[in-house]
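Down below is the structure, laid out as structure tokens.
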Amino acid sequence: MNKKTRFLALCMFAGWQLLMAPARAQAPADQQVLYTRALAATCANCHGTDGRAVEGSSVVSLAGLDRTYLIAQMQAFKTGARPATVMHQISKGYSETQIGIIASYFAAQKK
């Protein structure tokens, strides 16, 4: 490989690195958004898209509820302190961190 070819290859590699830097910087944030939405989506079957239950449903809408309240309710389901049909089983499948992520997501949604 002559000097000119080597120089061009080096320039192309450096340019590619510069172009890819923003994509690499955004990847973890994008992954976190997708992870959060995936966790929240598991609630959609009962609580509706983005936590908005069907009007007239006996299921509670989660959108816009206080984060601390949501966490407390999930913990109550998890320990069995709050009776439920299926939530006591569902809540046991989430870690405390995941419950916090889910609660933050629904608290941020408009009612």
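Using r as the Cβ-Cβ distance of E96 and A38, and R0 as 25 Å, what FRET efficiency do you calculate, to the nearest 0.05?
For E96 and A38, the calculated efficiency is 0.90.
Just want the ordering: S91, S104, S58, from fewest to most Cβ atoms lying within 10 Å of their own Cβ.
Fewest-to-most ranking of S91, S104, S58: S58, S104, S91.
Where the convex hull is taken over the Cα atoms of region 32-111, what is its projected area averaged over directions, in nm²?
Directional mean of the projected Cα hull area for region 32-111 stands at 4.9 nm².
Say a paramagnetic label sat at a point 7 Å from the Cα of R67, along Cα to Cβ; which residues of region 74-110 have their backbone N under 12 Å from it?
Hits in region 74-110 for R67 at 12 Å: 100-109.
Values quoted throughout were computed directly from the atomic coordinates according to the rules given, and no laboratory measurement underlies them. Please read all numbers here as calculations on a predicted model, not as lab measurements. Neighbour counts are summed over all protein chains in view; Cβ atoms, including those assigned to glycine, are modelled from backbone coordinates with ideal geometry.
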